[in-house]
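K.L.:
Below is the structure I would like to discuss, written out as structure tokens.
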Amino acid sequence: MFGPTETVVMAIVNRTPDSFFDRGSTYGEAEALAAVDRAIAEGAGIIDIGAVKAAPGGEVSPVEELRRIGGFVARVRAAHPDAVISVDTWRAEVGRVVVGEGADLLNDAWGGVEPELAEVAAEGGVGLVCTHAGHLPPRTRPHRMSYPDVVADIVATTSALAERAVAAGVRPDAVIIDPGHDFGKNSRHSLEATRRTDELVATGWPVLMAMSNKDFIGEALDAAVEERLEGTLAATAVSAWLGARVFRAHQVGATRRILRMVAAIRGDADLAVARRGVV
């Protein structure tokens, strides 16, 4: 679906009242649909719809998760028949419903805690994101996390999850790995995962980077959530240069421009216009 060197923006659309960045601004259906429209207009290649925030908080049951996104995925599919739709869930029960509504990708951010999710992806012929979450249960904050080598753990864990997905019947070209910035990691771990992106790329699986406005950027810069765009874009440029392919982002337009510039420097993309010194 995407070219062998193409980088892709995965736009975040949260159907949650308490997300750390948008603080519920796309919880309502009309607002969420408008956010999808904007993201596609700004160049998003994937729309990632979530209904449960990653951080601890009030219980969100499978019934409530489906109340928030069940039906919504179908409406996005109807409005944008050619869009690539991802759903951020760790639950096989939820995955089965949204695949039936037209989802193309299941974004399992919690490291395969429900192995049946891979089976759902296989049965539906959709893709699966395999994430390193520090071997923690969903919605758990890391506490005194320690690894002999965090990137070695990320590579081993995500590769095993990817291989398990393929064994369950997921197409190999539909599997993506994600180092899981800040999930089961302190900020130094997340910085190291970014610095060593090429080691993840060397596994052969396409690499997704979900770094947008996260705490490791805030701690690197001593920046509040609303002041992390520059740090996010710097991390995006570095990891794109090192070979990451998919970038989960709140600010789609800025991320798309950064990726276009990296591609131009590398020689994977030509100038958008050519005027200087040619006339």
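Derivation of every value follows stated rules applied to the coordinates shown; laboratory data play no part. All values reported here derive from a predicted model rather than from experimental measurement.
K.L.:
Restricted to Cα positions, what overall size does region 1-116 have along the principal axes? Three whole-Å values, descending.
P.N.:
Extents along the principal axes: 38, 31, 24 Å.
K.L.:
What does the extension gain come out to for residue 219 and residue 2, with contour length at 0.36 nm per residue minus their alpha carbon separation?
P.N.:
74.8 nm
K.L.:
Can you tell which of 247, 183, 21 shows the greatest fluctuation in a Gaussian network model of the chain with Cα springs below 10 Å?
P.N.:
21
K.L.:
Could you tell me what a quarter of the Cα convex hull surface of region 121-279 works out to, in nm² with one decimal place?
P.N.:
So the Cα hull casts an average projection of 11.5 nm².
K.L.:
Take every Cα-Cα pair in the chain and report what % of them are more than 35 Å apart.
P.N.:
Within the chain, distances greater than 35 Å cover 11 percent of Cα pairs.
K.L.:
Also, I was wondering about something else. For region 165-212, what ratio Rg/Rh do Cα atoms give with a Kirkwood hydrodynamic radius?
P.N.:
Result for region 165-212 is an Rg/Rh of 1.04.
K.L.:
Based solely on its DSSP helices, what 222 nm [θ] is calculated for the chain when runs of n ≥ 4 H residues each add -39,500 (n - 2.57) and the sum is averaged over all residues, nearest 500 deg cm²/dmol?
P.N.:
The per-residue figure over the chain is -12500 deg cm²/dmol.
K.L.:
Quick one: plug the Kirkwood hydrodynamic radius of region 59-133 (C-alpha pairs) into Stokes-Einstein at 4 °C, 1.567 mPa s, and report D in µm²/s.
P.N.:
Answer, rounded: 106 µm²/s.
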